[in-house]
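Q: Structure provided below as structure tokens; questions to follow.
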Amino acid sequence: MELIRGNTELEALNSKLNDDAELLAYKKPLDTYRSSLVPRLLGHTLVWCGNVVYGKRPSYLKFRAVEIIARAHYHSWASAVYTLHFMTLFYSNEQKAIQLSNTAKYARLAQDNETMHVVVISQLAKREHKAGFLRNTLAPMLFAFVYFWASYLLYLIKPRYSYELNYMFENHAFEQYNEFIHRHEESLKKKPVDSPFLVWYGRHPKNQWEFFRSIRNDEIIHRNTSIEEIGK
Ligand SMILES: [Fe+2]
Ligand SMILES: [Fe+2]
């Protein structure tokens, strides 16, 4: 049973994906992955609701909501794993315990990564938009609440469904960031990122374009890892 990559390895993979050929080689094999019906329906509904509230086009405000929701998914896995671990202890099933610990480790790494996304993007969004309570606070909170429980229950019922729902959501996040950095390349390269949190995390992009490119790369890693986790 393979161990999940550590943070150093993830950062090395992230940098490698700055190269277009490497990115294509990494993403292509899973581009055509078809999720089961239940996660597919949930995933499409979530993306549709997001488009209704924030518009189809990517924006700072939409990214902020995406990141708040994305983090909820990894929290839900951590909670579901604790629930299952509790049950596993009664049955002394060590293989199952290793598998659950691997999921918990991945969920922790991804949570830290998504937290960095939320913190930095919230600061950037504050400078770009004046948003009302609904789009800034209420909508992301409600989406995250529903997403947390959907993902938690799916993991308990059938982990594959929960991974596939995450695949759909992370694929959407990747596409939105990719569109954003291509559409606004020139202006983003002129905007700085002043974030003590990002420095603490260990990333040092020269401008917002490099920052959003690194976030895009994180999302495709999250997408692929979700599918790689199925069956481990
Ligand atoms: Fe993210
Ligand atoms: Fe993500």
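Q: Counting other beta carbons within 10 Å of each residue's own, what order do 32, 103, 115, 8 fall into, fewest first? Each step should come with its number before you reach the end.
A: Numbers: 32 6, 103 23, 115 15, 8 9.
Arranged by neighbour count, lowest to highest, 32, 103, 115, 8 become 32, 8, 115, 103.
Q: Provide the descending list of Cα extents for the range 17-63 along its principal axes, expressed in whole angstroms.
A: Largest first, the range 17-63 extends 34, 31, 11 Å along its Cα principal axes.
Q: Of 74, 33, 167, which has the largest mean-square fluctuation in a 10 Å C-alpha GNM of the chain?
A: 33
Q: What ³J(HN,Hα) values, in whole Hz, does the Karplus curve 6.51 cos²θ - 1.76 cosθ + 1.60 give for the range 17-26 when θ = phi - 60°, with x put for Gly and Pro?
A: 6, 5, 7, 4, 5, 5, 4, 4, 5, 6
Q: Can you tell me the order of 37-50, 215-228 when each peptide is scored by its average per-residue count of other Cβ atoms within 10 angstrom, highest first? Intermediate values should be presented prior to the final figure.
A: Values: 37-50: 16.2, 215-228: 22.6.
Descending mean neighbour count gives 215-228, 37-50.
Q: Run through every distinct alpha carbon pair of the range 85-193 and return the Kirkwood hydrodynamic radius in angstroms, one decimal place. Write down the numbers at each step before the final one.
A: Numbers: mean 1/r = 0.0586 Å⁻¹.
Computed over Cα pairs of the range 85-193, the Kirkwood hydrodynamic radius comes out at 17.1 Å.
A short reminder: the numbers here are calculations on the coordinates, not readings from a lab. Please read all numbers here as calculations on a predicted model, not as lab measurements. With ideal geometry, Cβ positions are generated from the backbone for all residues, glycine too; neighbour counts draw on all protein chains shown.
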